[in-house]
Amino acid sequence: MTKTRIIIRGVGGYLPEKVLTNIELATMVDTSDAWIQQRVGIRERHIAAEGQFTSDLAVEAAKRAMTAAGVTSDDIDLIIVATTTPDYTFPAAATLVQMKLGMHHGMAFDLQAVCSGFVYGIATADSHIKNGLATRALVIGAETFSRLLDWTDRTTCVLFGDGAGAAVLEKIELADNAPEQGILASALRSDGHHWQKLYVDGGPSTTGTIGHVHMQGPEVFRHAVGKITDVVYATLEKAGYTVADLDWFVPHQANKRIIEGAGAKLSLPPEKVVMTVSEHANTSAASVPLALSVAVADGRIKKGDLVMLEAMGGGFTWGASLIRW
Ligand code: UT7
């Protein structure tokens, strides 16, 4: 007898070449390297070049994930791009990625859950594959978030960056007595009553403009730690594990203090927490797969490890996914 499991076969990340440091930012708005590092833990962020779009970043990350997985676009039949910054209002950035990968087959769609998009994407691809709608998926978190920023607003423009991360998911049949592998459980949550705490003041149906990010930072902060820990516990419980079983915690990279606060509330030793916020800043849907790809590439996350992904963002949306690597 065998059991069907959905595994992550490869991951990859891509950061645009241009780096914007806190010191450079301090020449643009009334801020300082010391304030940003102390309050958020960010040193620098990457910014997409003019003419470089979200789908371009997504394609680079996708190619790296496919190389790591040993597959080509011929083997993919589902592309999910989690993004808040699609190239166009429509079509989906995912269909542009499909085109740029030279594919005519399969399906592609965008998923909008802001910073939680990649975790939502993992859970969505997991169900699509389990339900027979697809066999092998590219789940990509990609953002040119810098284009939503008001570069005169120091309360938001220092926090975000651009980038993309991707994962190849596929179905395997495991012998009943084989070691556990793959996505063990996910939990997704949202509560739209909080939408005005973190939103962009534009859109096709309201203003007809793109708009800029607005955030009630301390309010978002207040909700973040509790919501993150609740959904992590719910995911662990579904799979029959506890925090002590975790090898790695790969959280959304919004703020070092939020990550440390959640880690402390969960009683997780800091050395089990993957932290890339200082070099990447908050790349929204790209933050979790970028952090994941760093920790896989440097050999921290290894086959057999128990890995918890987690994110929280605008909506509010939040979620977690537990994976046996
Ligand atoms: O990805 C989605 C999830 N997003 C998040 O998780 C973000 C959650 N929120 C946060 O990370 C934090 O609330 C922030 C980093 C956004 C802000 O940190 P804070 O410790 O909550 O600061 P604050 O907003 O309470 O502001 C404290 C002071 C204020 O000055 P006064 O009123 O005390 O004189 C701000 O005007 O810091 C000032 N300030 C700044 N100073 C220098 C705000 N932004 C800056 C800045 N540089 N960039």
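Just so you know, all these numbers are worked out from the coordinates, no wet-lab data involved. Model, not experiment: these values are computed from the prediction. Because the Cβ atoms are built from the backbone with ideal geometry, glycine has one as well, and the counts that use them run over all protein chains shown.
Give, as ranges by residue number, the residues of the range 10-32 whose backbone N falls under 20 Å from the point 7 Å along Cα→Cβ of Thr155. Within reach of a label on Thr155, which here means backbone N under 20 Å from a point 7 Å along Cα→Cβ, the range 10-32 contributes 26, 28-32. With the convex hull of its Cα atoms as the shape, the range 182-324 has an orientation-averaged projected area of 9.0 nm². Inter-label distance, Ser127 to Arg147: 2.9 nm, where each label sits 7 Å from its Cα along the C-beta direction.
Provide the net charge surrounding Leu25, with neighbours chosen by a C-beta distance below 14 Å and charges set as Lys +1, Arg +1, Asp -1, Glu -1.
Working: positive: Lys18, Arg39, Arg43, Arg45, Arg154; negative: Glu24, Asp30, Asp33, Glu44, Asp150, Asp153.
Spelling it out: positives minus negatives among the neighbours equals -1.
In this structure, the amide hydrogen of His252, modeled 1.01 Å from its nitrogen in the peptide plane, lies closer than 5 angstrom to those of Glu310, Ala311, Met312, counting only residues at least 5 positions away or on a different chain.
Dividing the convex hull volume of the alpha-carbon atoms in the range 1-124 by its residue count gives 156 Å³ per residue.
Per-residue packing, averaged as other Cβ atoms within 10 Å, sorts the ranges 58-65, 43-50 into the order 58-65, 43-50, beginning with the highest. Placing pseudo-labels 7 Å out from each Cα toward the beta carbon at Ser32 and Thr206 gives an inter-label distance of 3.5 nm.
Working from Cα pairs under 8 Å separated by at least six residues, relative contact order for the chain is 26 percent.
Taking the DSSP bridge list for the chain and keeping only pairs wholly inside it, about 75 percent are antiparallel. Seen from Val231, the other residues with C-beta closer than 10 Å to its C-beta sum to a net charge of 0, counting Lys and Arg as +1 and Asp and Glu as -1.
Peptides 228-239, 142-153, 100-111, 18-29 ranked from most to least packed by the mean count of surrounding Cβ atoms within 10 Å: 142-153, 228-239, 100-111, 18-29. Under a crude label model (7 Å from the Cα following the beta-carbon direction), how far is Ser267 from Ala49 in nanometres? Rounded to a tenth, the inter-label distance reads 5.1 nm. With the convex hull of the Cα atoms taken as the outline of the chain, the averaged projected area works out to 15.9 nm². The value of relative contact order for the range 2-175, using C-alpha pairs under 8 Å at least six residues apart, is 36 percent. Per residue, the convex hull spanned by the Cα atoms of the range 264-317 measures out at 107 cubic angstrom. Shown in residue order for the range 296-304 are the 3J(HN,Hα) couplings computed by the Karplus curve 6.51 cos²θ - 1.76 cosθ + 1.60 at θ = phi - 60°: 6, 5, 8, x, 5, 7, 10, 3, x Hz (x for Gly and Pro). When the alpha-carbon atoms of the range 139-183 are used, the pair Rg, Dmax equals 19.3, 59 angstrom.
Only DSSP H runs of four or more residues enter the estimate; each adds -39500 (n - 2.57), and after division by the residues of the chain the mean residue ellipticity at 222 nm equals -9000 deg cm²/dmol.
If the chain between Ile23 and Arg39 were fully stretched, how many nm would it gain, using 0.36 nm times the residue separation less the Cα-Cα distance?
On the way: separation 16, 0.36 × 16 = 5.76 nm, distance 1.52 nm.
Between Ile23 and Arg39, full extension yields an extra 4.2 nm.
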